[in-house]
Amino acid sequence: MKKLLFLVFALGSSCFLFAQDETVQALKKDAERTIQKDPNDTTSKTWKTGGFVGINAAQGSLSNWAAGGDKFSLAVNGNLSLYAFHKKNKHTWDNTLDINLGYINTTSLGSRKNDDRIDLLSKYGYAIGPKWNVGALFNFRSQLFKGYAYDDDGNRTFNSNFFSPAYVLLSPGVEWKPNNEFSAFISPATVRWTIVKNDSLAAVGAYGVDPGKHSRTEFGAFASLNYMKEINKMFSYKSRMDLYSNYLKNPKNIDVYWTNMINMKLTKFLTLTYSLDLIYDDDVKLFGENNDSPATQIKSMLGLGFLVKF
């Protein structure tokens, strides 16, 4: 009887171990299995998003320095650049947002803003050919904080603020896009609004608005050239040039808005950044002896700081 019980126990144990071994093998096989995509599943990624945030800082101090200069200086500049590109079938929708803000403090000049810009660009296109789209473009430009003009004695005069001015542009047109790096948008019929929300600036007719009014409407031709290239793992370049001619007043005086930025990656987060901006607007009369004439505005900045892409 004991032998029979032992035989039954041995057979049961063998069956249990055999079943357990099969279970383990099956689990192992499932874990190592490669899942193949269903060929009928044609879902593709339609959004491409990303951008970068950068902060550049420079500080200097002097003590008993024979060559002269400010005893203390501090400059901090930050920029945020975002993009969201959508493409599905023949439809494209490109969106970019750039925000720049800079601050400088020196012993002789005190604290001043040296950069302030908001720039939102949204562009829709419908493909009518391999390299051609028809669509519309929307652009909004302004700044965040108050701005001042300074004379040689350091006296300041208030001349700008949020929505003073602000430029809103709506433009139907055609786009030529030969590759993913360059695009040219052209419109012969574009509406542009110049907004001056601040009462004191509107009262003197700043930025081309009629004195006492807060906005001005223009109708003209518009062109926008955009180029964005990652040259290699270290260098990237981004440029945009907007040209506008107002049919209703002095159409030969073309407004120019041109921004450029070069990033040189030194380490994973440390980056050397150079930006060059050029603006000419015939209606911005902040220059000359009596602040009554337009002039080319140029801003050049070189900074070393942190840049994080995402």
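What follows draws every value from the coordinates through simple rules; no lab data is involved. Values in this document were obtained by computation on a predicted structure and should not be read as measured data. Cβ placement follows ideal geometry from the backbone for every residue including glycine, while neighbour counts extend to all protein chains displayed.
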Q. Past the 18 Å Cα-Cα mark, which pairs from 249/299; 88/177; 238/265?
A. 249/299
Q. When a footprinting reagent is the concern and you count Cβ atoms within 10 Å, what order do 310, 269, 222 take, fewest first?
A. 310, 269, 222
Q: With a cut-off of at most 10 other beta carbons within 10 Å, and DSSP calling the residue loop, which trypsin sites (Lys or Arg not before Pro) in the range 241-286 qualify? Please list them.
A: 252, 268
Q. Exposure proxy check: 108, 73 ranked by fewest other beta carbons within 10 Å?
A. 108, 73
Q: Calculate the spin-label point distance for residue 248 paired with residue 180, positioning each point 7 Å from the Cα along the beta-carbon direction, and give it in nanometres.
A: 4.2
Q: Set the Förster radius R0 to 30 Å, insert the Cβ-Cβ distance between residue 151 and residue 84 as r into 1/(1 + (r/R0)^6), and round the FRET efficiency to 0.05.
A: 0.10
**Q.** Filtered trypsin sites (Lys or Arg not before Pro), the range 172-236: DSSP coil and at most 14 other beta carbons within 10 Å
**A.** 213, 233
Q.
Between residue 112 and residue 309, how high is the FRET efficiency from 1/(1 + (r/R0)^6) when r is the Cβ-Cβ distance and R₀ = 41 Å? Nearest 0.05.
A. 0.85
Q) Tell me, what is the FRET efficiency for residue 293 and residue 55 to the nearest 0.05, using R0 = 30 angstrom and their Cβ-Cβ distance as r? A) 0.25
Q | Rounded to the nearest 20 debye, dipole of the range 58-309 from Cβ charges on Lys, Arg, Asp, Glu | A | 1140
**Q.** Positive dipole terminus of the range 58-309, leading residue within 150, 294, 179 (C-beta point charges)
**A.** 179
(Q) Which three extents, in angstrom, do the Cα atoms of the range 58-309 have along their principal axes, listed largest first? (A) 68, 52, 26
